[in-house]
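Written below as structure tokens is the structure these notes are about.
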Amino acid sequence: TAVRLMASVRAHFGTDLQLNELFRAPTVAALARRGRDGGDGEATGPLVRLQAGDGTAPLYLFPPLAGTVVRYAPFARALGSGRTVYGLQSPGLQPGEEACATISDMARVYVEHMRKVHPGGPWHVGGYSMGGVIAFEAARQLTEAGEQVGLVALLDTNPRMDLDPAEDYATRILVTMGLKLDLDLAALAALPEPERIQLLLEQGIASGALPPDYDEDRLTRMLHAYRHNGSALERHTIAPFAGEAVLFRAEDRSADVVEEPYDLGWGERCGGLTVRDTPGT
């Protein structure tokens, strides 16, 4: 994985490469050169170029609850090498970074960074999970500013996230979806957070989900990203978007999902919606 590869570079060369540099180094040799040189020192903020493409009409993908964009890499490749694709990571994942308080703030900050690499529209945006909600808000803000918005891709995104206040949803999502560990969630929730982090770190390293030199500080930041982003998503009220959007709806729905409308509730929130059933979960 990208996390393990960056950890290997850190172990061999004693330097930290940013995720953006990993995607910009096309070969192992190029990555090794960047490691020996200590990276290129370029401050990229939340923007991660997932695929160079031809530079025209980039697609911007917004982060899911985890805050990272690593899982978008296969998606970017599937679009073809000619498509320029950027991912946007949640501020707060790196030491010293301050997280955005609301979904609207996230969208505003991301749009500011998007403008630095792309002078104007048409803007193509998308995302899954929380990323779809941020993309929708970014499209609304861009339209409100008089910009032309092209594709708004909602990748099996629900417009709402209803959380059980009695449940530590952040730990559950981190364990089941992030680290993919088979642990007793009730027993895990009963532990004080420092002990919980230590157990997750040990189990994550043992399973191979985390690299051997991963530490408690980074895992804590990951957990806090889930918690912070989930809270921001739950508080967010989606404002209407006058433009059109496309919902890519997974055909394999979870058996425990409550009854939901076919359009997942997006139709009433935008000027036009196209629903495309897509294989997968």
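With the condition kept exactly as written, say whether any residue in region 52-64 is among the β-branched types (Val, Ile, Thr) and at pLDDT 90 or above. No; the residues of region 52-64 include none that is among the β-branched types (Val, Ile, Thr) and at pLDDT 90 or above.
Which members of region 102-148 meet the condition of being surrounded by fewer than 19 Cβ atoms within 10 Å (Cβ to Cβ) and outside any helix (DSSP H, G or I)? Listed by number, the residues that qualify are THR102, HIS118, PRO119, GLY120, GLY121, PRO122, ALA145, GLY146, GLU147, GLN148.
Is it the case, given these coordinates, that ALA99 is within 24 Å of ALA73 (Cβ to Cβ), of a type in the set (Gly, Ala, Ser), over 13 Å from the mean Cα position of the chain (by Cα) and buried (at least 18 other Cβ atoms within 10 Å of the Cβ)? When the stated conditions are applied, ALA99 does not pass them.
Just the residues that are small (Gly, Ala, Ser) and either surrounded by 13 or more Cβ atoms within 10 Å (Cβ to Cβ) or outside the structural domain of SER207 (by TED's automatic domain parsing) (or both), please, taken from region 167-196.
Here is the first cut: in region 167-196, the ones small (Gly, Ala, Ser) are 170, 178, 186-187, 189-190.
Within region 167-196, ALA170, GLY178, ALA189 qualify.
Hey, does region 89-101 have a residue that's touching a residue at least 12 places away in the same chain (Cβ under 8 Å) and not in a loop (DSSP other than H, G, I, E, B)? No, that holds for no residue. Considering region 165-281, the qualifying helices (runs of 4 or more DSSP H), each wholly inside and each with 3 or more residues that are of a type in the set (Gly, Ala, Ser), run over 185-189, 193-207, 216-235.
What pairs come up if the first residue lies in region 68-84 and is assigned to a loop (DSSP other than H, G, I, E, B), the second is charged (D, E, K, R) and modelled with pLDDT of 95 or more, and their beta carbons are under 9 Å apart, counting only those six or more places apart or on different chains? Partner pairs satisfying both residue conditions: none exist. Selection of region 87-104 for residues being in contact with a strand residue (DSSP E or B) (Cβ under 9 Å, 6 or more places away or on another chain) and of a type in the set (A, V, I, L, M, F, W, C) yields only LEU88. Beta carbons closer than 8 Å, at least 6 apart along the sequence or on distinct chains, pair a first residue in region 219-242 that is without any contact (Cβ under 8 Å) to a residue 40 or more places away in the chain with a second that is buried (at least 16 other Cβ atoms within 10 Å of the Cβ) and in a loop (DSSP other than H, G, I, E, B) for LEU219/LEU210.
The values are calculated or read from the model by the stated rules, or taken from the named source; none is laboratory data. Predicted, not measured: the structure shown is a model, and the values here were computed from it. Virtual Cβ from ideal backbone geometry, glycine too; neighbours counted across all protein chains shown.
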